[in-house]
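The values are calculated or read from the model by the stated rules, or taken from the named source; none is laboratory data. Not measured: the values here are computed from a predicted model. Cβ: placed from backbone, ideal geometry, glycine included. Neighbour counts: every protein chain shown.
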Amino acid sequence: MFKTFAKAIQSLSVALLMGLPMASSAQQLSENASIVVESPWARASLGMSRPGGAYLTVRNEGSDQISLIGLRAEISGMASIHETRTNSDGVSSMAPADDIVIPPGGMFALEPGGYHAMLMQLQSPLVEGETFPLTLLFSDGTELEITVPVLGIGARGPEG
Amino acid sequence: MMRVAKIAAIGAAAVFAALFVGWWQVDGPGADSAPGKRSLPLTAMEFSLTDQDGRDVGPETLIGEPSLVFFGFTYCPDVCPTTLSDISGWLDEIGPDAEDLNTVFITVDPDRDTVETMAEYVSYFHPQIQGWTGLPDQIAAIADGFRATYEKVEGENGEYTMNHTAGVFLFDATGRFVTTIDYHEPREFAVPKIRRAMQNRTERAES
Ligand SMILES: [Cu+2]
């Protein structure tokens, strides 16, 4: 119990530390300075043969609609956004997602069981406690690089 | 005479109530899944798998204590780790009462998920969670008994993923199927369902 708590605090402080440089780099790279990415996190991977999964929230603070159209990451030979679906028989599957449209003032969350950043062909393992850069590609040409903290395999959300 | 009629009436009422309860649980609003899709009782299943420590396991390993079973695979980046994290949280929430609950993650991808892989993978979650793998025909046998399905889906670069039943199965200590916890079900329903599967055992022990 205490261990879990200590772990949560640790992940939280990592997230807080990451938060500041992430926000400033987001401002620099976003041309219209209106796209904000919050609470990015990834699960640690078991080696490099399995795909990694990452999550985050995108907020559109501009006055125009934008679409999140793809991802790029040095750590992954093939990064894309996947959607998990569960059919009426309870069978779950995942497939590349369509472009994600975010209206002005709107937000979109990639979260467990819904959408995830699918990081295939890992070039190095995702190690708990480390971070990696991930670039989000938008329909207006904006490329936004963020820093993603790696949490444990058993993490449930950005707080661990 | 009146007394006989009264006893008969009470008897009839009891029979009706029993029938109603049966209907409610099996076909009525209390039914847990579509007709024909209910898992068999564990006592009617036959399969032989290997646990994370290399031990042989089968239905008899589960019968005697309530069980919670989830199908998945370790190359699964989203649903499987999320569900195993959820299960870990439920076990923490129930606390010592859940110590006797058999909690098993069974791979539907035995080609890649060896005993060693399963052992490492489950070690990242609640210590009570076991990881079972086995020969493809034995995985098929257990999935069939559970009425769970899985399917290999080929990707573009020779990779593949698995579509699979994502619900969590609950059985009571006698091996009778109790219910499932569906993937998108609100979290607050899960723990009471697990307690229900554990409850059946207490009732049986007292009767
Ligand atoms: Cu995916």
Which numbered condition B:ALA141 fails, given (1) aliphatic (A, V, I, L, M); (2) touching a strand residue (DSSP E or B) at 6+ places or on another chain (Cβ under 6 Å); (3) surrounded by 15 or more Cβ atoms within 10 Å (Cβ to Cβ): (2)
Of all residues making up segment A:49-71, the number that are more than 16 Å from the ligand (Cβ to nearest atom) and either over 22 Å from B:PRO81 (Cβ atoms) or within 14 Å of chain B (Cβ to nearest Cβ) (or both): 11
Of all residues making up segment A:81-105, the number that are more than 14 Å from chain B (Cβ to nearest Cβ) and either without any contact (Cβ under 8 Å) to a residue 12 or more places away in the chain or under 17 Å from the mean Cα position of the chain (by Cα) (or both): 5
Top-ranked residue in segment B:69-120 [being away from every other protein chain (no Cβ under 12 Å) and among the charged types (D, E, K, R); ranked as farthest from B:PHE169 (Cα to Cα)]: B:ASP111
Checking A:GLY114 against (1) more than 11 Å from the ligand (Cβ to nearest atom); (2) at the interface with chain B (Cβ under 8 Å from one of its Cβ atoms), the condition it does not meet: (2)
Single unsatisfied condition, A:ALA95 versus (1) assigned to a strand (DSSP E or B); (2) out of contact with any Lys or Arg (no Cβ under 6 Å at 6 or more places or on another chain); (3) modelled with pLDDT of 95 or more: (3)
